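This report refers to the structure that appears directly beneath it.
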Amino acid sequence: MVSLKILIIQVAYPGDIYLISWLPHAFKTQYHDEVIIDAVVRKGYGTIMQKAGARKVFEINKTFPENLLDIAR
C-alpha cells in the first residue's frame, strides 16, 4: 500500500539537479515500498532522476506553464 507520494520539481538552475538527486534514494531507503516518487525537471536532466530512483520523470523546457498543464492531464 502506497502511503506517500512525492513530486520533486527542479525549475531553475542546472546545478539544482545534483543537489536534489539524492532525494529519491533517501525516501525509498526510509519508506521502502510505501513511497512513489515522481520528478519534474528541465529538459536533458531526466536520466539523472531516473537513475536516482524516480518512478516517472517529466521533462519540461522554458515554457513551464504550458508543460505543467500537459503533465497534469
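The values are calculated or read from the model by the stated rules, or taken from the named source; none is laboratory data. Since the structure is predicted, the reported quantities are computational estimates derived from the model, not experimental observations. Virtual Cβ from ideal backbone geometry, glycine too; neighbours counted across all protein chains shown. For accessibility, only protein heavy atoms count, side chains too; no ligands or nucleic acids. Shrake-Rupley method; radii C 1.70, N 1.55, O 1.52, S 1.80 Å.
Name, by its number, the condition in (1) at pLDDT 85 or above; (2) open to solvent by 50 Å² or more (accessible area, probe 1.4 Å) that does not hold for PRO65.
All conditions pass for PRO65, except number (1).
Between a residue in the stretch 2-22 that is within 14 Å of TYR45 (Cβ to Cβ) and any residue that is surrounded by 10 or more Cβ atoms within 10 Å (Cβ to Cβ) and polar (S, T, N, Q), which pairs come within a Cβ distance under 9 Å, given they are 6 or more apart or on different chains?
Hits for this filter: ASP16/GLN10; ILE17/GLN10; LEU19/GLN10; ILE20/GLN10.
Return the residues of the stretch 1-40 that are in a loop (DSSP other than H, G, I, E, B) and either surrounded by fewer than 15 Cβ atoms within 10 Å (Cβ to Cβ) or among the aliphatic types (A, V, I, L, M) (or both); say none if nothing qualifies.
MET1, VAL2, SER3, VAL11, ALA12, TYR13, PRO14, TRP22
Somewhere in the stretch 49-62, is a residue open to solvent by less than 50 Å² (accessible area, probe 1.4 Å), at pLDDT below 90 and assigned to a helix (DSSP H, G or I)?
Yes, some residue in the stretch 49-62 is open to solvent by less than 50 Å² (accessible area, probe 1.4 Å), at pLDDT below 90 and assigned to a helix (DSSP H, G or I).
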